[in-house]
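Asker: Got a structure for you, questions after.
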Amino acid sequence: MAAIGALIGVLLAAAAGGTNQDCQRVERGLARALEMAQFEKEPEETVGKVFADSRNAGQSCPDAEGLAYLYVRSAELGGGALVGRLLPAGAAELRKITAEAARQFPSSARILTVHARVSRDDAVARRAAAAQPGYVPARVALADILLDRGDWRAAERVLADGTGLDGTSDGLLVLARVALAKGDARGALAMAKRVLTGRKPELVEPDAGDPRPLLRARAVEKQARARRGTNGRVRP
Amino acid sequence: MSKRPFLVVYPGESRNSFGQAVGHIYVDDGPERFDVAGGPATARPIADIGGHTATRTPAGRYVLDHAERHTTLGWPKSVVPWGARLREVHEVVQYEVGGRWIDASGPSGTVTRAYLIFSAKSRQPMSPLVASRHARQMFYDDDGNLAARWEGNDFGKWSWNLKLGRHRTVFFIHTTPLDEAMGSGDLELRQSHGCLHIKPKDRDIMVLKGYLRESTTVIVKRYEDRWQPSAR
């Protein structure tokens, strides 16, 4: 990590020059650091560094979509606070950061996806899904928002065949919630179990070991069990 | 004969720019002090990946174990001791401990095994092949250069276990790899998941002055406690 840290320091200095190649190198280094953070004892340090360095490098590389993505994603992960637990800049500041990036990169599916999750705006999620139809996190974000609004049928349609959900942080979780919403306690239980045991180690979006999907899956599991128990009692 | 110094830790005395509880280590209960950051000030332990938890640094009376280059299979980056020499033989990265070269990556690599354990405990199992690839990549920079020495151990260059009586605990006093990379530069400590984080330059001073050494008593106060000069 020290080697990566030192390298990124050198690259950041280079990025101050702002050539496309320099910007790409900084982006590669930070992307790699964020991907590896999930295996660290305290990933917050790396997330915080990626947050700060991508913000700084972004000033010299204003057209670098990759740096902007790393900035919003690391902000979403806490920006250096305990991953998935606290937002140091606060929710309003996070919304501001993602909205600004979405304005600057209106066709970036991954940036729009982060902004959709943060703003809970289904229109933004639809734009993200349309920008890159094969980008699964965008569809997951859209389904999640639709589900929050009570429209589990639409959410289910968006997730369609469910392929690629195990490569996202929370795709299987949304599917579990869909099952729960439509009264399929058994399906919800099975899907919640897949969240807890069946996600791929390498996710489409680096999540620095974000525990939120797992905690929410446990909650879904509990609800599904309770519902199944209730059903069992009322059955003849 | 001079009295042996003891350390008193107040983990929740102030807040850093992230709003996290941080505090100070007082030598002989003050006024000489050093910055420290413990675990999150939450009432209950927080479930963490890899089968671990993030928790408050528990209040108590501890004794420092010897200074060590701590290694553990619990975290992939902490398998190889800080500063160990690295080399690659037939696409397998090896590290040197006591004159012996040990496989880090590859099918029988120790880091490969740590990745497998970590991913299994995280319930995101990976294949041995993927684990080995991760284990190898860890030691390379973006330009494909192998690091000469490992300086990414999560426990920093040196660490001291906080023993309760004669028994080691899961808590250590240590620096972090990113803080080590900052050298003597100005840095802000970040919350740990339960250990006590200190700054590398403070570590060096505390070692030099004999504060951080085997058998030193360390009293960790509650997060709600505040140091007062009259408290001595």
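Please treat every number below as a calculation from the coordinates, not as lab data. Small disclaimer: the values here were computed from a predicted structure and weren't measured. Cβ sites come from the backbone with ideal geometry, for glycine too, and all protein chains shown count toward neighbours.
Asker: With each run of n ≥ 4 DSSP H residues scored as -39500 (n - 2.57), what mean residue ellipticity at 222 nm is computed for chain A after dividing by its residue count and rounding to the nearest 500 deg cm²/dmol?
Answerer: Value at 222 nm, helices only, nearest 500: -22500 deg cm²/dmol.
Asker: Counting only other chains, and only Cβ atoms inside 10 Å, what mean value do you get across the residues of B:192-204?
Answerer: The shielding value for this peptide is 1.
Asker: Straight-line reach from B:LYS77: which aspartates and glutamates have a Cα under 13 Å away, not including same-chain ones fewer than 8 places off?
Answerer: A:GLU40, A:GLU42, B:GLU151, B:ASP154
Asker: What FRET efficiency do you get for B:ASP204 and B:ARG166 if R0 is 35 Å and r is their Cβ-Cβ distance, rounded to the nearest 0.05?
Answerer: Efficiency computed from Cβ-Cβ geometry: 0.80.
Asker: Using the Cα centre as the reference, give the magnitude of the dipole from point charges on the C-beta atoms of chain B (Lys, Arg: +1; Asp, Glu: -1; all else neutral), rounded to the nearest 20 debye.
Answerer: That gives chain B a dipole magnitude of about 860 debye.
Asker: May I ask for the net charge around A:VAL136, where only other residues with Cβ less than 10 Å from the Cβ of A:VAL136 are counted and Lys, Arg are +1 while Asp, Glu are -1?
Answerer: -1
Asker: List the residues of the range B:1-25 whose backbone N lies under 15 Å from a point placed 7 Å from the Cα of B:HIS66 along the Cα-to-Cβ direction.
Answerer: Within reach of a label on B:HIS66: no residues.
Asker: Which of A:ALA75, A:GLN59, A:ALA226 sits farthest toward the positive end of the charge dipole of chain A, with +1 on the Cβ of Lys and Arg and -1 on the Cβ of Asp and Glu?
Answerer: Projecting each Cα onto the dipole axis, the largest value belongs to A:ALA226.
Asker: How many lysine pairs does chain A hold where the Cα atoms are under 28 Å apart and the two sit 8 or more places apart or on different chains?
Answerer: Step by step, the pairs that qualify in chain A add up to 10.
Asker: A follow-up question, please. When N counts the residues of the protein assembly as shown, how does its alpha-carbon radius of gyration compare numerically with 2.2 N^0.38 Å, as a ratio?
Answerer: Against the compact-globule rule of thumb, the ratio is 1.03.
Asker: Continuing with the same structure: Below 15 Å, Cα to Cα, which aspartates and glutamates can B:LYS221 reach? Residues fewer than 8 away in the same chain don't count.
Answerer: B:GLU13, B:ASP28, B:ASP29, B:ASP35
Asker: Shielding by partners for B:37-48, please: the mean number of other protein chain Cβ atoms within 10 Å of each residue's Cβ.
Answerer: 2
Asker: Treating only the Cβ atoms of Lys and Arg (+1) and Asp and Glu (-1) as charged, compute the dipole magnitude of the protein assembly as shown about its Cα centre; round to the nearest 20 debye.
Answerer: So the magnitude is around 2100 debye.
Asker: For peptide A:41-51, what's the mean number of Cβ atoms from other chains within 10 Å of each residue's Cβ?
Answerer: Partner Cβ neighbours, averaged per residue: 6.
Asker: While we're here: Under a crude label model (7 Å from the Cα following the beta-carbon direction), how far is B:LEU146 from B:VAL89 in nanometres?
Answerer: Rounded to a tenth, the inter-label distance reads 1.0 nm.
Asker: Output the relative contact order of the range A:140-236, whole-number percent, from Cα pairs under 8 angstrom with separation of 6+ residues.
Answerer: Relative CO of the range A:140-236 lands at 26 percent.
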